[in-house]
1. On the given criteria, is residue 278 assigned to a helix (DSSP H, G or I) and in contact (Cβ under 8 Å) with a residue 40 or more places away in the chain?
2. Looking at (1) farther than 28 Å from residue 43 by Cβ; (2) open to solvent by less than 50 Å² (accessible area, probe 1.4 Å); (3) of a type outside the set (A, V, I, L, M, F, W, C), which is the only condition residue 231 fails?
3. Please work out which one of (1) open to solvent by 30 Å² or more (accessible area, probe 1.4 Å); (2) free of Cβ contacts under 8 Å to residues at least 12 places away in the same chain; (3) small (Gly, Ala, Ser) is the condition residue 246 fails and give its number.
4. Looking only at region 110-125, which residues are surrounded by 13 or more Cβ atoms within 10 Å (Cβ to Cβ) and either out of contact with any helix residue (DSSP H, G or I) (no Cβ under 8 Å at 6 or more places or on another chain) or touching a residue at least 40 places away in the same chain (Cβ under 8 Å) (or both)?
5. Quick check on region 213-230. Is at least one of its residues part of a helix (DSSP H, G or I) and touching a Ser or Thr at 6+ places or on another chain (Cβ under 8 Å)?
6. If we only count strands (runs of 3 or more DSSP E) wholly inside region 59-107, which ones have 1 or more residues that are of a type outside the set (S, T, N, Q) and either without any contact (Cβ under 8 Å) to a residue 40 or more places away in the chain or surrounded by fewer than 15 Cβ atoms within 10 Å (Cβ to Cβ) (or both)?
Amino acid sequence: MKQLSAFLSAVALCVMTAGAAQAQGIKMPAPSPTQTIKQDFALSSVEVTYSRPLAKGRVIMGDLVPYGKLWRMGANAATRIKFGEDVKLNGTPVPAGEYVMYGIPSPEGWEIVLNKGLKNWGIDGYKKEEDVARFKTETQELPFPIQSFMILFEDVRPNAMTMMISWDRTLIPVEITADIDSKVMASIDSAMKTDKKPYFSAAVYYYETNRDVKTALDYATKATQQPGNEKAFWIYHWKAKIEAKAGDKAAAKATAEKSIALAKAANNADYVALNEKLIASL
């Protein structure tokens, strides 16, 4: 009886202490701290807000994160994901907007669910009819454990990137893609009708998307001739790259050497090195 009495007294003391701490406004560390990550992507951005539980030596997959059941993708409130434009996740169309993101784990792979229930607390309030997208993704085994549940973006390209969801030794990659080419080309065509023609940006885009190299070179040449660009060593460097791609090595070398001279005058060692590498590759 004495042990039980002592235990109950200790519990009562803890409750009173916690209540006093709250009453005094003492801020305590969150056991599953919230993280918000925002990644510029395509022509807008992708933002994720989620809580990060810690493994604490527990069995994660198949236990703390049960197989075959809807999981909140973290702790506390449901994980939110916001897209600034229409995208595709593993090929599944997702309109621009903000959603909650769930997962249904299994040893063979996961099913990812995007849902409109922004007021949901975890899976409480979930309604299947509010699903926006469902798709499956494979899992990969990590060679080392991740202690805190983590979501990040990797391999970020102009129109594609990978969202990496990981905890313990499990990695769930999700490919996010956006169709921006038609939008960018329409923007270039429209801007070329104005007084401020984006010759340099257009030349770079044509080069990187493997469009007509003659048009890219024409734009790059006109960019070097625009007022204020006489000493723009970075523009000359890109012109040299385009000339090299067009097969005109002599012109590429001459333009790269001019870029080197301009970069040295501006004390920019990085572009000096870039041009030297370009010349060496010709």
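The values are calculated or read from the model by the stated rules, or taken from the named source; none is laboratory data. Because the structure is a prediction, the values reported are computed rather than measured. Neighbour counts run over all protein chains shown; Cβ positions are idealised from the backbone, glycine included. All accessible areas refer to the heavy atoms of the entire protein, side chains included, with ligands and DNA or RNA removed. Shrake-Rupley method; radii C 1.70, N 1.55, O 1.52, S 1.80 Å.
1. Details: assigned to a helix (DSSP H, G or I): yes; in contact (Cβ under 8 Å) with a residue 40 or more places away in the chain: yes.
So residue 278 passes the test.
2. (2)
3. With respect to (1) open to solvent by 30 Å² or more (accessible area, probe 1.4 Å); (2) free of Cβ contacts under 8 Å to residues at least 12 places away in the same chain; (3) small (Gly, Ala, Ser), residue 246 is out only on (2).
4. Restricting attention to region 110-125, the residues satisfying the condition of being surrounded by 13 or more Cβ atoms within 10 Å (Cβ to Cβ) are 110-118, 120, 122-123, 125.
If the condition is that a residue be surrounded by 13 or more Cβ atoms within 10 Å (Cβ to Cβ) and either out of contact with any helix residue (DSSP H, G or I) (no Cβ under 8 Å at 6 or more places or on another chain) or touching a residue at least 40 places away in the same chain (Cβ under 8 Å) (or both), then 110, 111, 112, 113, 114, 118, 120, 122, 123, 125 are the ones that fit.
5. Kept after step one, since they are part of a helix (DSSP H, G or I), are these residues of region 213-230: 213-225.
Filter once more, keeping what is touching a Ser or Thr at 6+ places or on another chain (Cβ under 8 Å): none.
Checking region 213-230: not a single residue is part of a helix (DSSP H, G or I) and touching a Ser or Thr at 6+ places or on another chain (Cβ under 8 Å).
6. Numbers: elements: 79-83, 87-89, 92-94, 97-104.
Ranges flagged: 79-83, 92-94, 97-104.
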